[in-house]
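Data first, discussion second: the structure below is written as structure tokens.
What follows draws every value from the coordinates through simple rules; no lab data is involved. Small disclaimer: the values here were computed from a predicted structure and weren't measured. Glycine gets a Cβ as well: all are built from the backbone with ideal geometry, and neighbour counts include every protein chain shown.
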Ligand SMILES: Nc1ncnc2c1ncn2[C@@H]1O[C@H](COP(=O)(O)OP(=O)(O)OP(=O)(O)O)[C@@H](O)[C@H]1O
Ligand SMILES: [Mg+2]
């Protein structure tokens, strides 16, 4: 049975500056497990994509100067597993399977390329996406660090 050795919860407004905030905090949090440079880069990148999605998509249409919230919760386990859950109370995704397909985007043409979920999937050891229209989205990723 794996056991939790550390955990954290964080709430950040969905402002673009907080993409970097989230990345830095995750780096600091996993430092205890001494990840390789590559593992750290993978995690930072995956977290970045999930947080960016909350910032760009979840709360689109909110009046300027108002932000929704991003909820991040992370855990370290004694088997060197790291889990990060990133959720929002935003617009939700109509068809998660379609949204996860490479190149699917509802973003502005030329600005987004629809690769975020693919990056999260390829840089981690497991990705689950749950979403309800009008309620929000939860992305759970798992990474197992080398011994
Ligand atoms: N948190 C979210 N809330 C609402 N919709 C989302 C959320 N995350 C993703 N989506 C939807 O899923 C689509 C695919 O997301 P993905 O991250 O793969 O690509 P993208 O954000 O459009 O482009 P890229 O990440 O390459 O800049 C988005 O275009 C958006 O429609
Ligand atoms: Mg994206």
TODO: Quickly estimate the mean residue ellipticity at 222 nm for the chain, helices only: each DSSP H run with n ≥ 4 gives -39500 (n - 2.57), and the total goes over all residues, rounded to 500.
DONE: -9000 deg cm²/dmol
Task: Fluctuation leader among 136, 107, 126 - the chain, Gaussian network, Cα springs under 10 angstrom - done: 107
Open item on the list: Using a 7 Å offset from the Cα along the Cα-to-Cβ direction at both residue 133 and residue 101, what is the distance between the two label points in nm, to one decimal?
Closed with: 1.8
TODO: Report the label-to-label distance for residue 62 and residue 31 in nanometres (one decimal), using points 7 Å from each Cα along the Cα→Cβ vector.
DONE: 2.9
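For an R0 of 41 angstrom, estimate the FRET efficiency from the Cβ-Cβ distance between residue 125 and residue 17 and round to the nearest 0.05.
0.90
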- [ ] Would you give the gap between the C-alpha center of the range 1-30 and the C-alpha center of the range 99-124, rounded to a whole Å?
- [x] 22
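Per residue and in Å³, how big is the convex hull formed by the alpha-carbon atoms of the chain?
Given the Cα convex hull of the chain, per-residue volume reads 112 Å³.
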Task: Approximate spin-label separation residue 3-residue 45, in nm, with each point projected 7 Å along Cα-to-Cβ - done: 3.5
Task: Exposure proxy ranking, count of Cβ atoms within 10 Å, fewest first, for 42, 88, 125 - done: 125, 42, 88
- [ ] Sort 93, 86, 4 so that the residue with the fewest other Cβ atoms within 10 Å of its own Cβ comes first and the one with the most comes last.
- [x] 4, 93, 86
Open item on the list: Would you calculate the convex hull of the Cα atoms in the range 39-105 and tell me its volume per residue in Å³?
Closed with: 122
- [ ] Using packing as a proxy for protection, rank 71-77, 17-23, 28-34 so that the peptide with the highest average count of other Cβ atoms within 10 Å comes first.
- [x] 71-77, 17-23, 28-34
